[in-house]
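Asks: Below is one structure. I have some questions about it.
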Amino acid sequence: MDRIELTFTDADGRKVGIKRSFSIDVDYGPDGSNDFEIALAEGDSLPMHGFAYIDGTEYGGIIDRRGFDTTGDAPVSRWGGRSWHGILSHSVVVPTGEHYAMSGDANAAIGELIAAQGLGGVFRAAPYKSGFTLDHQVDRFADAYSAMLDALSGVGARLSIRRAGSLTELSAVPAVTEYRYDGSALLNTRPVNHLVCGGGGEGAERLVVHLYADESGNVSRTQTLFGVDEVAEFYDYTSADEARLVEDGTKRLTEHYADRMESDVQEPEDPDLNVGDSVVLTNHASGFTQTEMVSEVTATVSSDDGIAVSYTLGG
């Protein structure tokens, strides 16, 4: 196995050198922290606000933090910050109108969003057509990472991130599905289907909006499930006006209604799965089929031990 090296730059993004003795822990995904931490020998250092990465992979980001650890067998210096995913997830998409739209070829739409967020000095979109066509309205004030993940998931794609030379390349690639036949699952046939949304105002003057999901999970302001079939919950959003209550409440209720299955699925066996790929749990005898998406990836890269990856599956 070739020895893995850590490349690092100065604050202007100019390559400064490499580290041949290190370890880096990276955590990313919609359920991840989207950050990284590097351990070097005590006294060794990296440039603050520079980039550090494993070239040709998605493991790396910008160095925002520094520290030390003397509790282990050997003292180390610690360096960390936002991963590539974290840079995107801390960039809020502020629409100039009702919504920012991602449309057309996915790679081109990713490039347009990168430019709109002022991140062209860090990222670039792959310079070829992806084969996926988007027609997606980004949730108001969503972050750029979530915007890309949501837009791509709707067309059967996922986001690929790879450091390539002086920039980090983003592209749309086909999402992968792995089928599994071992695990456990329990179906909830009556998830939350009525959300009482409380907005601005006090007492009797407080804004209240009722949102309902029907048997198919479609959300509207018309109730179709009553009595013991109604499962209600209160959503407290004191600063919201009616439009924001409806928008955020609809999203929240959709997520509640989608949370129909409790499952225990063993971690994916395929080491190439990534955020946006899926694992399908099937049991023919009981007639159960449940799909879980990879929602978090944790990778540990060591100059001595290579790369180890683990996954978390979400609903």
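Asks: Please count how many residues of the range 124-152 are buried (at least 17 other Cβ atoms within 10 Å of the Cβ) and among the hydroxyl-bearing types (Ser, Thr, Tyr).
Replies: Count: 2.
Asks: Next question, about the same structure. Of the residues that make up the range 132-142, is at least one more than 24 Å from SER310 (Cα to Cα), among the aromatic types (Phe, Trp, Tyr) and either part of a strand (DSSP E or B) or modelled with pLDDT of 95 or more (or both)?
Replies: yes
Asks: Next question, about the same structure. Which residue, of LEU245, LEU225, is touching a residue at least 40 places away in the same chain (Cβ under 8 Å) and either more than 27 Å from the chain's Cα centre (by Cα) or surrounded by 15 or more Cβ atoms within 10 Å (Cβ to Cβ) (or both)?
Replies: After ruling out the rest, the residue left standing is LEU245.
Asks: Just to check your reading of the model, which residue among ASP64, ASP55, ASP10 is of a type outside the set (Gly, Ala, Ser), surrounded by fewer than 17 Cβ atoms within 10 Å (Cβ to Cβ), under 14 Å from SER166 (Cα atoms) and within 23 Å of the chain's Cα centre (by Cα)?
Replies: After ruling out the rest, the residue left standing is ASP55.
Asks: Considering the range 41-75 alone, what residues qualify as being in a strand (DSSP E or B), modelled with pLDDT under 95 and under 18 Å from ILE18 (Cβ atoms)?
Replies: Passing the criteria: only ALA41.
Asks: What residue, of GLY121, GLY81, is exposed (fewer than 14 other Cβ atoms within 10 Å of the Cβ), in contact (Cβ under 8 Å) with a residue 12 or more places away in the chain, out of contact with any Pro (no Cβ under 9 Å at 6 or more places or on another chain) and not polar (S, T, N, Q)?
Replies: Only one candidate passes the filter, namely GLY121.
Asks: Give the residue, chosen from ILE161, ILE114, that is in a helix (DSSP H, G or I), within 19 Å of the chain's Cα centre (by Cα) and either crowded, with 16+ Cβ neighbours inside 10 Å or not aromatic (Phe, Trp, Tyr) (or both).
Replies: Being in a helix (DSSP H, G or I), within 19 Å of the chain's Cα centre (by Cα) and either crowded, with 16+ Cβ neighbours inside 10 Å or not aromatic (Phe, Trp, Tyr) (or both) holds for just one of ILE161, ILE114, which is ILE114.
Asks: Here's a follow-up. Give the range 164-219 a look and list any residue that's among the small types (Gly, Ala, Ser) and assigned to a strand (DSSP E or B), or say none.
Replies: ALA164, SER171, ALA172, GLY183, SER184, ALA185, GLY198, ALA213
Asks: Tell me which residues, restricted to the range 222-261, are in contact with a helix residue (DSSP H, G or I) (Cβ under 8 Å, 6 or more places away or on another chain) and either more than 25 Å from GLY201 (Cβ to Cβ) or of a type in the set (D, E, K, R) (or both).
Replies: Of everything in the range 222-261, just one residue is in contact with a helix residue (DSSP H, G or I) (Cβ under 8 Å, 6 or more places away or on another chain) and either more than 25 Å from GLY201 (Cβ to Cβ) or of a type in the set (D, E, K, R) (or both), namely GLU233.
The values are calculated or read from the model by the stated rules, or taken from the named source; none is laboratory data. Predicted model, so just to flag it, every value in this text is computed and none were measured. A quick note on method: Cβ atoms are made from the backbone with ideal geometry, for glycine too, and the neighbour counts reach across all protein chains shown.
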